[in-house]
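The values are calculated or read from the model by the stated rules, or taken from the named source; none is laboratory data. Note that the structure is a prediction, hence the values are computed from the model and not measured. Every residue, glycine among them, receives a Cβ derived from its backbone with ideal geometry; neighbour counts consider all protein chains shown.
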Amino acid sequence: MLSKSRWRNDVLEILEEGLRAADPKKSVQEALEEISGEIETAERVFVIGFGKAVSSMAEACEEEIGERIFDGAIIIPENVDARGLRKIRVFRGTHPTPSEASVESTRRLVSSCQGLTRRDLVICLISGGGSSLLTLPAEGVKLEDKKMATDILLKSGAEIKEINTVRKHLSSVKGGQLINLLKPAKVVSLILSDIVGDPVEYIASGPTSPDPSTFKDAYNIILKYGLMGKLPGSVVERIEKGMRGEVPETPKPGDEIFNNVKNIIVSNNMKSLTAMGRKAVELGYNTLVLTSFAEGEAREVGRFLCAIIKQIAAYDLPVKKPACLVVGGETTVTVKGRGKGGRNQELTISVLTSCGGLRNFVFASIGSDGIDGYTDAAGAIADFSTLEDACSKGLNPEAFLEDNDSYNFFKQTGDLIFTGPTGTNVNDFTLAVIH
């Protein structure tokens, strides 16, 4: 991570504290203590998992209950290290769009749980990214069509809950349907939340949770974002068949197949924001953890956060300078330009353009997984020196924002934040320091 001032150093240090608090391994170790009774009484224990953070989650299982694991398998992205695992097999998939590797790995994961009985326990490790890594298209939907649909949805401006509502109805394993392949065993899912509000039915598209959404909901989302003429025919046909009752709905709340299922959130965005707030106080800032529910268009959220930054700078309200605002959640970007970027970079450039000539602030936003959009950066950091650099190089930040090209703007000013894959995923971390 690059730095140019004491204030920037503080911001980066606070962000790193958030990443430490989101350690999936420690979170799972704590959760395993809570379910020790189920583990001890099970005849056999299986460990499965999928997501960007499940490698370290699986390490916790091997270290804590390795002697009790009968079999296990996880699916993780290609760039995530899993050399610490000895007993749990590692399969690979792709993110953010699925691939044939994801499908093959899903089949192999499911096959590791053959012949389950009521006396068995399946510990299911779930984190963000699971929607693309755990992929088994529903009958009649081709993988290529599902990939295209995923890409279109990700660029549409739809919120992650809406995207996953559609994906659940194109799948054989999402929206609670994985339980059909694990019954009659007892299932305990340990979940690292990457969705605002921690709704288990949407994290990784809720493979072990009852699904309150319907084919009709998925259809309405397609209409809402004007995607009817853009999505592949097999995708629309599948959803229309579902509305007519020609294919079965995903299992709903109250379905008896969930009688032997427990879903547990082991870590989330708010846990990290709280740790970041404590660190900011330690560094001498008057600190306000504003919200963990930040959603909406990144550029609009940026304008709103800039208004709060200006209020603090001018009036010491709602918190006195030196102040630190801590924000979490997950914004969206409706891609209209031809540039390169991610929601955190777009949020940061929006704040930069909105705050204009304000000198006494530093703003930064990163994805906790270390990946922002389709880029190699986690996010970006900016202050008045960023505008000075841009001006000296003839760069117009407003033009870059309009072209959704925040990555190339911050690349030229030297303000991208690179963490590499962090091994965790609990939404985004956003910070503003006003001094």
Here is a check on your reading of the model: is residue 222 farther than 23 Å from residue 149 by Cβ and not in a loop (DSSP other than H, G, I, E, B)? no
Mind listing whichever residues of segment 136-163 are buried (at least 19 other Cβ atoms within 10 Å of the Cβ) and under 24 Å from residue 114 (Cβ atoms)? 136, 137, 138
Is it true that residue 262 is under 23 Å from the mean Cα position of the chain (by Cα), of a type in the set (D, E, K, R) and surrounded by 15 or more Cβ atoms within 10 Å (Cβ to Cβ)? no
Can you give me the number of residues within segment 171-221 that are over 15 Å from residue 106 (Cα atoms) and among the hydrophobic types (A, V, I, L, M, F, W, C)? 13
Flagged pairs (Cβ under 7 angstrom, 6 or more apart or on separate chains; first in segment 404-429, not assigned by TED's automatic domain parsing to the domain that holds residue 363; second basic (Lys, Arg)) are none
Any chance segment 145-153 includes a residue that's hydrophobic (A, V, I, L, M, F, W, C) and within 30 Å of residue 88 (Cβ to Cβ)? no
Kindly list the number of the only condition in (1) closer than 17 Å to residue 121 by Cα; (2) assigned to a helix (DSSP H, G or I) that fails for residue 47. (2)
Would you tally the residues in segment 242-264 being on the phi < 0 side of the Ramachandran plot and either in a loop (DSSP other than H, G, I, E, B) or touching a Leu at 6+ places or on another chain (Cβ under 8 Å) (or both)? 13
Residues (in contact with a helix residue (DSSP H, G or I) (Cβ under 7 Å, 6 or more places away or on another chain), assigned to a helix (DSSP H, G or I) and crowded, with 24+ Cβ neighbours inside 10 Å) located in segment 180-207: 204, 205
Selected residue (only one of 36, 102 is among the polar types (S, T, N, Q) and farther than 23 Å from residue 173 by Cβ): 36
Looking at segment 322-435, what helices (runs of 4 or more DSSP H) fall wholly within it and have at least 2 residues that are closer than 23 Å to residue 290 by Cα? 343-355
Checked 77, 98 against criteria (in contact with a His (Cβ under 6 Å, 6 or more places away or on another chain), on the phi < 0 side of the Ramachandran plot and not polar (S, T, N, Q)); the one match is 77
When you check residue 242 against the structure, is it in contact with an Asp or Glu (Cβ under 7 Å, 6 or more places away or on another chain), of a type in the set (Gly, Ala, Ser) and surrounded by 21 or more Cβ atoms within 10 Å (Cβ to Cβ), yes or no? yes
From 394, 356, 373, grab the single residue that is among the small types (Gly, Ala, Ser), more than 30 Å from residue 161 (Cα to Cα) and modelled with pLDDT under 95. 356
In segment 314-335, which residue that is of a type in the set (D, E, K, R) and on the phi < 0 side of the Ramachandran plot is surrounded by the most Cβ atoms within 10 Å (Cβ to Cβ)? 330
Applying the selection to segment 342-372, what residues are closer than 17 Å to residue 95 by Cα and either touching a Leu at 6+ places or on another chain (Cβ under 9 Å) or charged (D, E, K, R) (or both)? 343, 368, 369, 370, 372
Before we move on, is residue 37 modelled with pLDDT of 95 or more and either surrounded by 21 or more Cβ atoms within 10 Å (Cβ to Cβ) or of a type outside the set (Gly, Ala, Ser) (or both)? no
Looking only at segment 387-413, count every residue that is under 28 Å from the mean Cα position of the chain (by Cα) and farther than 30 Å from residue 153 by Cβ and tell me the total. 2
Against the definition (part of a loop (DSSP other than H, G, I, E, B), of a type in the set (A, V, I, L, M, F, W, C), at pLDDT 95 or above and not assigned by TED's automatic domain parsing to the domain that holds residue 430), how does residue 231 come out, yes or no? yes
Please give the number of the condition residue 277 fails out of (1) outside the structural domain of residue 52 (by TED's automatic domain parsing); (2) under 19 Å from the mean Cα position of the chain (by Cα); (3) of a type outside the set (Phe, Trp, Tyr). (2)
Filter segment 164-179 down to the residues that are buried (at least 22 other Cβ atoms within 10 Å of the Cβ) and farther than 22 Å from residue 58 by Cα and list them by number. 164, 165, 166, 167, 168, 169, 170, 171, 175, 177
Kindly indicate which of 277, 296 is in contact (Cβ under 8 Å) with a residue 24 or more places away in the chain, surrounded by fewer than 17 Cβ atoms within 10 Å (Cβ to Cβ) and out of contact with any Gly (no Cβ under 7 Å at 6 or more places or on another chain). 296
